Structure formats: C-alpha cells, structure tokens
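Please read the structure below before turning to the comments.
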Amino acid sequence: MPPKTALTACAESDGAPSGQACGPCLPVLSRPYLVPALLAAAAAFFYILFASPAIGWRDGPEFTVTSVFLDVGHPSGFPTYNLLAKIFTWIPLGSIGFRVTVFTALAGAAALFLFGSLLNLLHASPARAPAPLFLLASLPLFALDQAVFASSTELEVYSLNTAFLLLLLYCSARWHSGHGISWLYSGGFLYGVACGNHAALSLYLPVLLLLTYWGEPEPEKVGGPHRHLIRTGLLALFFLAGLSVYLLLLVRSMTDRLPVDFGRTDTLARFWSHVSDAKDSETHFKGLIKFEDLTYLAPIQFRNLCSPLFFLSLPFFAWGLRYLWKTFQILAVALPVLILVNVFFFYYWIDGSSAFLPAITAWFLAVSLGLGEAGRLAQARQILRPAAAALCAAAVTLSAVLMARDRVAESDAESGFQSTELYFPDLAAMPPESIAVHDNGWFPMLALQYAYSARPDVTLVLLTGLLNPELMAVPEPGKMPLAYFPVREDGTYLSPREPAFFNRFFTGNLSSGKRVFFQYGSLVGMVMPYLEPGARYMFLGEMKMDHLAGLRALEDGLYDDFVARNEAYWGRLAGGADGPPARKAPTYMYYVIFTVAQYLFDNGRYRETADTLGRFLETFARPDGRTFLPYDVLLNCYALRADSLRMAGDHRQALDIILELARIRPYYASNFLMLGYVHEALGNGPESLAALKRGVELDPLDYRIVLRYGLALAKYSSLAEATGFLAQGSATLEENRQHEAAAVVTRLRDCLLLPPWDPGPDIAPPAEPGAAYSPAPGLPAAPAEAGPESPSSGKSPSGSGTLAR
Amino acid sequence: MSRLSPKPAAWLNTAPWLKSRPVRALASALLFLAFLAVFMEVKASRELSLADALAARGLSADAAVHYFRSLNWYSPLGSSQNAAGRLAALGDSLEAAGDREGACLAFLRLRSALCAARSFYMPRRDLLELANGRIADCLARERLGPAAAPEDLRRERGRFLAIYSAAPVMNEGWYLAAAGGFLIWTLGGVLAVFRFFKAEPSLPFTRRLHAARAPSICFAAGYALWILGMAFA
C-alpha cells in the first residue's frame, strides 16, 4: 500500500472533516513522489553542468583510481563508494574522472529526492497537511545550498553520504509511521552498507538507536517482553550483513594487484587498524579535546557556513521542531542530536563545508517542516489566497534564483583541469624508465599514471609505503619490473628501513641508467636519515636536477591565470561594501598556491615564497575577516610565510606572524620552535628560551624542539642543564630514528664537544665528501652545499646540515 | 474547489507497455545519456574551436592542451573524434618541424586522453597504436642519445612499444562481476527482508521463508559473484 502522505492527503481532502481547504491543487501534486523526482532530475542536470570535468583535487584523484581498480582508499577504505562509482566508469562518454563526478552528482540528486520523500512522509497527517507549495519550497533551496552543491559537483563521497543518511531517516520514519518492521530491518541492513561509504556515519549510531527504541509504533507493541532482545539481535545481524561490504578491503588487498593499497589490509590486524583508522584515532576527537578552540573557531565556521538565509530560517527551524514534537516526537530529539554530534566532531577541521552536510540536512528538514506549518496556519486562517500564495512562490523562486546565481558564480568547473595540467607535464617530462618516488600529495600523478595510463614506462613509488610498509603496500618488486629493488643474498627484499636500502636502491637504478625523482624537498627529511653518506651525495645530485617541468609551467603561466581568475571572482562577489558575503572558494585554489609556494621554498627561493604567499593572503584573506580560505589552510599559509620570511632574513616581520600563530594555536609546539628561532636571530635570548621551553612542555617527544632548547640553554643559560636536554633529545632520536640520530649527534658533537657517540655497527663511518659518489653517465657531480635547516621542510633538517659540512 | 484529477495521456493507452516501470527506467536512462552526450558535444566542440584557433596562431603547445581537453569530453560520434585526429596531426607536424619533444608530448597527451576515455572498449585504437609507436620512437632516441646505432634504436623502440601496447590492462569482466554482484546482493538483501517481514505474521516461519526465497537466492548468488569478482579482477 503506498504511504499516505501530505500530498495524497491533500488530494483526498476535498471537504476534509477539519474544514481545511486544500487550496489550488495541481494534478502533479497528487503523486507523492513525482515532485521530488522531478526536482531531483532538474538538480541532477544542474549539478552535471557544473561538475568537475577531470580528476579534480584533494581526494578526487585518489577516488578516480580506487573506483576504477576497486582499490583500498585512505581510511576507512570507502568500499561502497568505489563499488557504486565503478559502475559509472563504464559510461562510454567523457573521461573516467568526469564519469565518477557524474556519479556524485546523481547521488546528490538522490539525496534531494529522499529529502522530498521524507518531508512528504513526515506530513502524513491530513489534519496537519500544509499547503503543497510550502512543502515543496525548501527543496530547491536545499538543492542549491552551498555545501550540497559543492559536494555534488566534486569527486567526493559526501553527497552519497547525505543520500544514505536521508535513506536511513526515511526507513526509520516509515517504521515509526506503522508501515511495518521490514523498514526497520532493511534500514539496519542499509546502515551497514552506508557505513561502507563513509565510516563517519557510524557516529550517528546513537541517533539511529534513539529512532529505533524510542516511541515504538503501536502495531509493533506485540510479542512479549523479549521482543526488544529479538529485535536487537536481528538488527545487529542485518547491520553486519550490510557492513560486510568492508570485505572488499581484505579480498582486494590479498590479490596484491592494486595501484593504491592504503593500510595494506591483507591481514585481519591491519584490516581492523585501517577500518578503525587507528593510526589517526587520537586526532578524531581533537575537536572535543580542544574544546577551548570552540570560542575562536565557531564564529569562523559560522561565517563560512551560514548565509543570511540562516537567520531567516531560525524561526522556521524552531517551528519545525515544535511541529515534530507534536507529531513525531522522537525526530524532534534526534535531529538536534544529529546536528550537535556532527558539529562537535567536525568543527575542528574547517577545510570544507561538506563535513557538515549531516547537520545542514537536519537543519533543512526542520526548517522545511516549519515552512509547512506556516503554510498550514495560513490555510487554516484562510489567508492563503491565490495572491498570497503567488507571493510566497515568487519569494521562494527569487531565493532559489539568487542561490543559483551564487553557485554559478562560485563554480569554476574548468579549474578541474588544473590538477591534470599541473601534473601531466611532470610525468611526461620524466626520462625513459625513470622512477618517481612521491608522497600523498602526488595523487594526481597516480591518477594520471593508472587511470590515464600516461607513462607506463615510469615507475611510481609511494614513499609512505616504502618507509611504512605496514601503512601502505608497495607493489612487490616483481610487479615493478622497471625499477630495481635491493635484494639480499637469500633472495628476499631489503626493508627500506635497513641502512643499505636507499644506497643500493640508488646505486642499482642509477647504474642501469634509470633516474630517480623525488617529490619536493619535504621528502629530504624523510629519506635523508636512511641514507649512507655516499648515497646522500647521489641523492642530492638528483635533487638538483631540474625536472619539475610542470611546476615551472605553473609558476610561469598557470599561477597568474589562476590568480587573475580568482581576483575577478572576488571582484564579482565582493563588488564593494554592499556585495554579498564571501563564501568558500573552490578547494583547488589553495592546493595550487601552496604547491607553488612549497616548491619555491624547497628551492631556496624564500623571498619569492614570502611574496607569493603574501599576495595570495592579501587576495583571499581580507582584513575584514571575510575569507575564502578554510581556517587550517589559512594558518598553514601563514606558517610557511613566516618560515620563508625568517629564512629570507626578515625576522621582524616573521616574528609578528609567528606571535599571532602562537596566540591562535597556543598548543602547537612547532609554533614555539619557530618563535625560538626568530627570537634567537633577533638576539632576544630570554624570549627564545621561554618560547622553546614552552615548546618542550607541549611536545617533549619532538627532538627538534628539545635539541634546540638544549642548544639555547647552552648559549644563554647553563651548559649543565643543556646537556640534559641534549641527551634527552638524542635519546629520543636514538629510539625513533637511529640513523637520523647519528647525523644530529655528530653535528652537536661538533658544536658542543659532547663525548663521542657510537652510531653502532649498522652505520658506515663518515666518508670524505664525494668519496662514495660515482655518478652514472650524464648525471651531475655532487653538490658542495645542501639546503638550509628549516622546520617547514620536514622533521629532519639536520641531515642536510651535516652534508653542508 | 474543484481539483484536476490526473488522467493518463491518451497515447499511453495505445501503448500500455510504456506504463511498465522497467520501460520507464530504461527510457529515463536513455534520456540521461542523451543529455550527457549533448553536454559533452557542446563542451568538446568549444575546446576544439579554441584549440584550432591556437594552432592557427602557431601556439602548438597551448593547442595540444585544448585538444586534450576536447578529448576529455569524449563521445563516440562527436567533435572529440576530430580533436583526436588533429592532435595526432599536430604531433606529426611538430616532428616534421624538428620539435621532437613537443611531438612526444602531443602523442603522450593523445594516448592519455584515449586511455582515460576507455570503457568496455578502447576508443580509436588506430590512433592509440600510432601514438604508441611515436612515443616508443621518442623514448628510444632519448634513452640512447643521438649517436645510437639504428639496430640499437630499433631494439629499444620495440621494447618501449611492448610496454606501451600492453597498458592499460583491465579484466573488466571480473570488475563487472564485482560491481554487479554488489548491486545484486544489496538489492536482494533489502527485498528479502521486505518479503520475509511483510508476509502475514500468522504464517508459519517456513512459508515466510518461502516468500523470501527468490531474493535470498539473489543475495547469496550476488555475494558469491562479488567475492569472485573482487578476487580475480
């Protein structure tokens, strides 16, 4: 039996007993699902028009690869998304990246359809049937909301997540409306499947349990006291059946044929670690732990997320909750709980409104119900005359048009090509059969290599996997016939953590004419500690090679194009004092700029780095506080700018920025390390000591700060006290990175005449500079100088310092 | 107040099969694909015009970028076909003009764009093979240098051609099994729950189980297909 809904109720209510006239019903309104379906179809077309055309930025390139090859993505793996997106990769139109984006657009449209259907269901009582126009008013506004639009036009999982959340609420509402327990159990099953799309959905378990066990519908109150136990058991069973979608991670990782195998989930232990995101579990609840940030972050969040419509919607939100309290009590509690859970969990990460989609959806639901109540009241008091109804419709249409205009203005679908055009020349410029060792930031290159098959002769090696094989699988050397991986005498492969690995890796590949390339210099810090002295020279020789053609192109042309387009965009939006408030810009912007800045920094062009970031911040972070930039990104930009100013010798200006950063994030030890550096450079000994002391208090395990504090103590205070910290820092190093310790302690020994330190049998004795370097034909000679020490260029700047001597 | 009642259109009565849900779903899917195809064509032809204009001004590198973009909006019968041909021609002309690096980049773009447009089939195999050959030439020359003997060059070219011809390798059949199996077991699971619990509660357990038999079988078969697909894809 089809559900009785507001619209069918409206269709039946000619001469309704309550005496409420239905108003001018249209034939289309008598079909409960037709209107949401039509609006969803329109939204799908609109989203596709503005969908990112290629692999996009952030997680987009990764999801392109993982959906094509059914790979294991970053935690928690996203198996449901990959399986569904895979189907769309077979559409014989467009590129693979665009096809996956089309899938997210359709998921956004499905969310809209479910939103309308749910509204329809929640207004099922004929006595409370609102005017259909009011019921439908919120649908286009929801579809055009900035977060909903953004998540439906980029290659991400969030629109599907919203669709699943609404589906679960719909199932729950059907069960509560007395449509049978099958809705509850199928909801449980789908909840399991939905958690395979984004594990954050599991956060809403309390909400869904609340919906399940509070306010049991009358027809289900049969079966004795044990019925709850049986129901819970069955629900758990169905949920686990749906959740078994995560088996994909286990099975696919075991095949050992994946371009991307995050977490290396081929054992149960690693599988669980990956699914539960154990390695980052501490940061999951950062927002709750750092509660004091809320006062600072909340206004920024609020400004980024809420448009003026928010204030208009407040009374309707309250009205909607009141309506729910009378008709659907449990949902009146569940929706605010859902909003709170979502906001408190995610407020710390202001890198996109998509994270707040559940809260935004719940908010819109309540607001829509409030609007429905307004319509009902207008009907009951007979003030909803045709003219008034037309006025309301015009207001809604105008709002929708204005929102659509904003979305169109913000949208820059063409920019979706930029990641491809940034990285393609890099990959294309690689010499034949070279090896590219890269980190997660190079996901666009991974997408180009595997989804686009750009350079099959080039071997991509993910450094994270190379150094942490427990975190990410590196395809076995046998699967990489084009690169040489060191082998022991017994035929087993050497671990990258073994001291000889990189030395032999370089020697083996370079001597056979292959050339090894690294992502920009942050990797110096990650790789250097593992290199033997001779190999370090080879490594630096490679680093000096001018291979980043793509970044050069970006620096020369794309960057200016990029800034010009976004300045024009800002001009359009801001348009003087009366312009509409600035909203979040497309996410690609800061990735491009930050990549350029990092590239300049890593090449020692500190003044240019500072200027680039200064121009960027001036353009996008306005003094009036209105900003396009997500908060974390803003702070990252300021931190890199401060560091580059420091390296360029502009300590005074660097100090101003770092002091502000330390004020904003008083719990970030790295801020105090930088502060210590700058004070020291300015000759402010006591201030430097105080800053470093605070850094040590915050993170006593960060050897960089401990050692720097030791050095500062030696310089400004007592050598005896300094020795303790230097020993402590060295001990930490020794525990964590034995080889890194060797370099740092050698350097400290030079500085402070500490007793000689035995690096152990694994470490080769320091060689004369260049002694072990025998470059392959055509390779440059060993450089005389290494890059300067900097907190921004990785955890271990000390290795390069040793080389400089 | 009178209300208009929904009446089926007269033409629907003449073709009752149009009322069936599968037919409507199929029609919706075709409509959607038609929309996508038109959208692709508009985008592809715009990029193609831009690329042609750039090529006419002698800006070959920029033209190659826009031919590549045009191919990004690939459709089997659209402007993107012309873009593929013109990108190949651009590569040829660059090579003839002695710009081997530019030619190699153009052919790499052509190859990447075609591979990114692959589905169950690889579009424009003729141009793909042409691009593979030119890329292999280019890499062999770069690898061996200008003074290489012709025999060495030929051998090296053959080696690179083998690498490029072999990629990308996809067992799409198994991927289809994995994705299709997933859809089947998910829908089968939901249907089985509905069939079982929607049945009259007074019915014996076995009768209710019988009611859910078909979707349950779908669930099990889909699950098995899914596992097999994932294991062998």
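Backbone phi angles across region B:134-142, fed through the Karplus curve with coefficients 6.51, -1.76 and 1.60 (θ = phi - 60°), yield HN-Hα couplings of 5, 5, 4, 4, 4, 5, 4, 5, 5 Hz in residue order; Gly and Pro are listed as x.
Among B:M122, A:M403, sorting on how many other beta-carbon atoms sit within 10 Å of each Cβ, with the fewest leading, yields B:M122, A:M403. Can you give the FRET efficiency to the nearest 0.05 for B:V23 and B:A61, using r as the Cβ-Cβ distance and R₀ = 41 Å? Calculated transfer efficiency: 0.25.
When only the Cβ of Lys, Arg, Asp and Glu is charged (+1, +1, -1, -1), the dipole of region B:40-166 relative to its Cα centre reaches about 300 debye. Over region B:172-232, Cα pairs under 8 Å with separation of 6+ residues give a relative contact order of 58 percent. With the cut-off at 1.5 for a/c, could you classify region B:118-226 from its C-alpha gyration tensor as rounded, prolate or oblate? Taking the square roots of the gyration eigenvalues as a ≥ b ≥ c, region B:118-226 is prolate.
Taking Cα centre as origin and charging only the Cβ of basic (Lys, Arg, +1) and acidic (Asp, Glu, -1) residues, the dipole magnitude of chain B rounds to 1420 debye. In this entry, chain B is assigned a mean projected area of 23.0 nm², taken as a quarter of its C-alpha convex hull surface. List every residue whose amide H lies under 5 Å from the amide H of A:L460, counting only residues 5 or more places away in sequence or on a different chain, with H placed 1.01 Å from N in the peptide plane. Amide H to amide H, under 5 Å and 5 or more residues apart or across chains, A:L460 pairs with A:A436. What the phi angles of region B:115-129 give under the Karplus curve with 6.51, -1.76 and 1.60, with θ = phi - 60°, is a coupling list of 5, 6, 9, 6, 9, 6, 10, 9, x, 6, 4, 4, 6, 4, 5 Hz, glycine and proline written as x. Averaged over residues, the count of other Cβ atoms within 10 Å places the peptides B:82-94, A:421-433, B:214-226 in the sequence A:421-433, B:82-94, B:214-226, highest first. Among B:W73, A:W363, the ranking by other beta carbons within 10 Å of each residue's beta carbon, starting with the fewest, stands as A:W363, B:W73.
Seen from a random direction on average, the alpha-carbon convex hull of region B:172-232 projects onto 3.7 square nanometres. Across region A:49-169, Cα-Cα pairs more than 17 Å apart make up 58 percent of the total. 3J(HN,Hα) along region A:51-60, derived from phi through the Karplus expression 6.51 cos²θ - 1.76 cosθ + 1.60 where θ = phi - 60°, amounts to 6, 4, x, 10, 7, x, 10, 6, 7, x Hz, with x in place of Gly and Pro.
For the residues of B:187-193, the average number of beta carbons from a partner chain within 10 Å of their own beta carbon is 6. Mind checking the log10 I(q)/I(0) for region B:40-166 at q = 0.10, 0.17, 0.22 Å⁻¹? Debye, one equal scatterer per Cα, no solvent, two decimals. Relative scattering, expressed as log10 I(q)/I(0), comes to -0.32, -0.82, -1.19. In this rough spin-label picture, where each label sits 7 Å from Cα along the Cβ direction, the A:L377-B:E151 distance is 9.5 nm.
Rg/Rh, computed from the Cα trace of region A:153-205 with Rh as the Kirkwood radius, has the value 1.03.
Of the residues A:D643, A:D145, the one with the fewest other Cβ atoms within 10 Å heads the list, and the complete ranking is A:D145, A:D643. Taking square-rooted eigenvalues a ≥ b ≥ c of the alpha carbon gyration tensor, is region A:633-714 rounded, prolate or oblate, where a/c under 1.5 means rounded and, failing that, a/b exceeding b/c means prolate? Since a/c reaches 1.5 but b/c is at least a/b, the shape of region A:633-714 is classed as oblate.
Only the coordinates and a few stated rules stand behind these numbers; no lab work does. Being a predicted model, the structure only gives us computed values, none of them experimental. For neighbour counting, all protein chains shown are included, and Cβ atoms are generated from backbone atoms with ideal geometry for every residue, glycine included.
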